[in-house]
């Protein structure tokens, strides 16, 4: 098991990932902020879904989900249809325009990563991918309780 100092350093490094994400966000088209890009990617990955499920996957509440969905729908990237199982709910789906926007976003992300990590070896990139997958999986299995402030 890692020493306390290692966990403290890991916490610092994970906090710094926010700067990396912001840097990647600057590579996105001005009309497609990171949350919208994530929304499009989730619809591509998981297929049509209700807004409530999208919010769960994004880890955000209903009002924030609704704003992101409205932004994408206003640009024609997603379609909102009545859910056949519950007419009060909406089923979200990616449109061809949304698929094209996602392709553009993915290309820009990939280009930005390739530029910033150009001096990394293929093995370094592979190790980072493996460790990040493992980290995500560990957090998926671990339910950290909320603490009261």
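The values are calculated or read from the model by the stated rules, or taken from the named source; none is laboratory data. It should be emphasised that the depicted structure is a prediction, and the values quoted were computed from it without experimental measurement. Because the Cβ atoms are built from the backbone with ideal geometry, glycine has one as well, and the counts that use them run over all protein chains shown.
Points to keep in mind about this one:
- The stretch 77-105 - residue that is surrounded by fewer than 16 Cβ atoms within 10 Å (Cβ to Cβ), closer than 20 Å to residue 45 by Cβ and free of Cβ contacts under 8 Å to residues at least 60 places away in the same chain and, of those, farthest from the chain's Cα centre (by Cα): 81
- Residues in the stretch 1-27 that are modelled with pLDDT of 90 or more, out of contact with any helix residue (DSSP H, G or I) (no Cβ under 6 Å at 6 or more places or on another chain) and assigned to a loop (DSSP other than H, G, I, E, B): 26 alone.
- Qualifying residue in the stretch 50-65 (condition: part of a helix (DSSP H, G or I), over 23 Å from residue 108 (Cβ atoms) and touching a strand residue (DSSP E or B) at 6+ places or on another chain (Cβ under 7 Å)): yes
- Residue 29, sole failed condition from (1) in contact (Cβ under 8 Å) with a residue 40 or more places away in the chain; (2) over 14 Å from the mean Cα position of the chain (by Cα); (3) within 20 Å of residue 89 (Cβ to Cβ): (3)
- Single residue of the stretch 42-76 satisfying the filter (over 18 Å from residue 102 (Cα atoms) and in contact (Cβ under 8 Å) with a residue 40 or more places away in the chain) that is nearest to the chain's Cα centre (by Cα): 51
- Among (1) modelled with pLDDT of 95 or more; (2) outside any helix (DSSP H, G or I), the one test that residue 43 misses: (2)
- Exclusive hit being in a loop (DSSP other than H, G, I, E, B) and modelled with pLDDT of 90 or more, set 98, 76: 76
- Number of the exception - residue 93 against (1) modelled with pLDDT of 95 or more; (2) over 16 Å from residue 51 (Cα atoms): (2)
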